[in-house]
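Below is one structure; the comments refer to it alone.
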Amino acid sequence: MRKLYAVFIFALMSLSSMAGDVVTFEQFEVNENGYLNDFGEDACFEAGGFTFNCNYFPEWSYWSGFAISNRTKTAFDSYELDQFNSCVGQGANGSEKYVVAFPQGETIDVDAAGGEVISGFYVTNNAWVVEAILNGDGMTPGAFATGDFLTLSIIGNHPDETADTLVYYLADYRSDNEADHYYVSDWRWIDLRALGQVESITFRMDSSRKNDWGMTTPGYFCMDDFNGEAPSTATFEEIALQPESAYNGAGVEGETVTDIYGSQVTKSKFVSGGYQFTTLYNAAWGSWSGFAVSNETATVYATYADQYRSCVGHGHDGSSNYAVVFPSAMGEAVEPVDGPKTINGMYVTNSAWNVSAYTVGDGMTPGAFTTGDWCKLTITGTHADESTSTMDVYLADYRSENAAEHYYIDQWQWVDLSGLGEVKSLTFAISSSRNNEWGMTTPGYFCIDDFGGQADGTLGIHPAASAGFTAATEAQRFTIDGKRINARQRGVNLIRMSDGTVRKVLAR
């Protein structure tokens, strides 16, 4: 059995053959604020092309497998009813019903002969589990502490009798830093496409809390929208990382390719939201390019190990995970998994290493940026007919003779990508005013988050586009408090463009 300790798409598989329909569990009759765990002599229920196998022993008031609940209570006070509570109080996306799972080897079977690819499902913690994590219970003395964890293993059983496993942390207190401790308290999507074509799914839970008879943490979890539609926005939050760490493709199975230097590298892909991201990893050199995922919170660059840091210290809107991008000449791409589409945009910020180069210089960039310097991100969209369109975003712009207008991006900034039109892939390139005989000396990194999502408002970067697109021009300029101004002023400037959009520019 091959075990995957993070929720990634590692294999270069077809994503088009998906099993059955989405199972929302809304079609089942459940008493008001109740549950359903008795499915008769068949001890199973069927929905959407799947069979959910269960066990029920009324004489012992015992069940295992899958129960359907619509209970809204989120606290655990007693076993009889509260074992059927989620910690959210409703299903995913505000629905009424959800599944409470107590797995003891029961399977979810694919009804189609030969099995299919399952897209994934939403998961959250059971109310009893949260009670044990926060306060302990009769079986779990005391709250979770440093070193504790609770995992859900999802085992995909293939037609050839092999199996692959995804491991997801429902609670992770392993870090020595208490600020990094967490448990899942909302609905989170788990992508199962990495398991490939499966005939059945089995679940297993594990915890750091055990005694002579096994795990003492309650062995429940909650599920909804089985085989549903993955979130369309790549938030990277479903990527399971150790605290203060990064994924860069190391140790991942993938295609072996030759890079531009003649080295053998591993090409792998992972999926977040509705997008597939490519990473190249060179095991001989311990180097990577393309897309890494990080949850590092430090914002200072001191050594090469700090290459996975953003200048913000967290993802957009305070989230944990974000992607660090280091594009190479190999053209690592982002691809919509469902085919060509118009991508709304993404949030962008600088890496900590880049900011260090802009402000103080580094071994490759002698001295801080001065008048005339710049660092630019070029985004290229490739269309179905292989034609391309490009956009430019200045990560740092010191070109003005007026030093007050020099700036670099130091917060999460929305970049509108809709002007590229319908694309089958996006690639990125970094260029800079700082170069030597071997090429660019400025670090070639940037960070992204909420790829393909929506802007918080109308403010953001709307880059100038080429290949037939007309760039908007400035029409009016305002201070952050709405005062009309005629020239750039130090601080945040709001610029209303000729196309009606508004840009937020930081002038230093």
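The values are calculated or read from the model by the stated rules, or taken from the named source; none is laboratory data. Bear in mind that the values here come from a model prediction, so they are computed numbers and not experimental data. Quick reminder, even Gly has a Cβ in these numbers, built from the backbone with ideal geometry, and neighbours come from all protein chains shown. To get the accessible areas, we keep the full protein, side chains included, count just its heavy atoms, and leave off ligands, DNA and RNA. Shrake-Rupley method; radii C 1.70, N 1.55, O 1.52, S 1.80 Å.
Things worth noting here:
- Within the range 217-257, the residues that satisfy the criterion of being surrounded by 17 or more Cβ atoms within 10 Å (Cβ to Cβ), touching a Lys or Arg at 6+ places or on another chain (Cβ under 8 Å) and farther than 30 Å from T24 by Cβ are P243, G254.
- Residue tally, condition of a type outside the set (V, I, T) and outside any loop (DSSP other than H, G, I, E, B), over the range 215-257: 10
- Search result, residues across the range 220-256 that are without any contact (Cβ under 8 Å) to a residue 40 or more places away in the chain and not small (G, A, S): T256
- Checking each residue in the range 336-367 for being in a strand (DSSP E or B) and small (G, A, S) picks out G345, S351.
- Subset tally (residues that are open to solvent by 20 Å² or more (accessible area, probe 1.4 Å), more than 14 Å from S287 (Cα to Cα) and part of a strand (DSSP E or B)) for the range 326-335: 1
- Among the candidates D111, D148, D180, residue that is of a type in the set (D, E, K, R) and touching a Gly at 6+ places or on another chain (Cβ under 9 Å): D111
- Considering the range 309-318, and only residues there that are more than 16 Å from Y408 (Cβ to Cβ) and open to solvent by 30 Å² or more (accessible area, probe 1.4 Å), the residue that is modelled with the highest pLDDT turns out to be H314.
- One residue from D82, D109, D77, D148 being charged (D, E, K, R) and under 21 Å from G228 (Cα atoms): D109
- The range 123-136, residues that are touching a Cys at 6+ places or on another chain (Cβ under 7 Å) and either open to solvent by 10 Å² or more (accessible area, probe 1.4 Å) or over 22 Å from I68 (Cα atoms) (or both): V130
- With respect to the conditions (1) of a type outside the set (V, I, T); (2) assigned to a loop (DSSP other than H, G, I, E, B); (3) farther than 28 Å from I68 by Cβ, A179 falls short on a single one, namely (2).
Residues are listed down the side, and each one gets a yes or a no for (1) in contact with a Pro (Cβ under 9 Å, 6 or more places away or on another chain); (2) of a type in the set (K, R); (3) without any contact (Cβ under 8 Å) to a residue 40 or more places away in the chain:
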residue	(1), (2), (3)
W63	no, no, yes
A67	no, no, yes
K73	no, yes, no
Q83	yes, no, no
Q104	no, no, no
D111	no, no, no
V117	no, no, no
F121	no, no, no
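Residues checked against (1) of a type in the set (V, I, T); (2) over 26 Å from the mean Cα position of the chain (by Cα); (3) assigned to a loop (DSSP other than H, G, I, E, B):
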{"residue": "V130", "(1), (2), (3)": "yes, no, no"}
{"residue": "D137", "(1), (2), (3)": "no, yes, yes"}
{"residue": "T140", "(1), (2), (3)": "yes, yes, yes"}
{"residue": "A143", "(1), (2), (3)": "no, yes, yes"}
{"residue": "G156", "(1), (2), (3)": "no, no, no"}
{"residue": "T165", "(1), (2), (3)": "yes, no, no"}
{"residue": "Y168", "(1), (2), (3)": "no, no, no"}
{"residue": "D206", "(1), (2), (3)": "no, no, no"}
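- Some residue of the range 137-154 being open to solvent by 10 Å² or more (accessible area, probe 1.4 Å) and more than 30 Å from P243 (Cβ to Cβ): no
- The residue pairs whose first member lies in the range 19-45 and is on the phi > 0 side of the Ramachandran plot, whose second member is open to solvent by 50 Å² or more (accessible area, probe 1.4 Å), and whose beta carbons are closer than 8 Å, counting only pairs six or more residues apart or on different chains, are G20/D111; N33/T72; N33/K73; A43/N55; A43/Y56.
- Scanning the range 68-122 for residues that are open to solvent by less than 40 Å² (accessible area, probe 1.4 Å) and assigned to a loop (DSSP other than H, G, I, E, B) yields a count of 17.
- Subset tally (residues that are open to solvent by less than 70 Å² (accessible area, probe 1.4 Å) and touching a Ser or Thr at 6+ places or on another chain (Cβ under 8 Å)) for the range 172-184: 5
- Check on A194, touching a residue at least 24 places away in the same chain (Cβ under 8 Å), surrounded by 22 or more Cβ atoms within 10 Å (Cβ to Cβ), farther than 26 Å from E253 by Cα and of a type in the set (G, A, S): no
- T359 open to solvent by 40 Å² or more (accessible area, probe 1.4 Å) and under 20 Å from Q454 (Cβ atoms): no
- Qualifying positions in the range 362-385 - touching a residue at least 60 places away in the same chain (Cβ under 8 Å) and either closer than 20 Å to D416 by Cα or open to solvent by less than 10 Å² (accessible area, probe 1.4 Å) (or both): T365, C375, L377, I379
- Residue, least open to solvent (accessible area, probe 1.4 Å), within the range 9-62, restricted to residues that are part of a loop (DSSP other than H, G, I, E, B), of a type in the set (F, W, Y) and modelled with pLDDT of 90 or more: F25
- Wholly enclosed strands (runs of 3 or more DSSP E) of the range 258-303 bearing at least 1 residues of a type outside the set (S, T, Y) and open to solvent by 40 Å² or more (accessible area, probe 1.4 Å): 264-272
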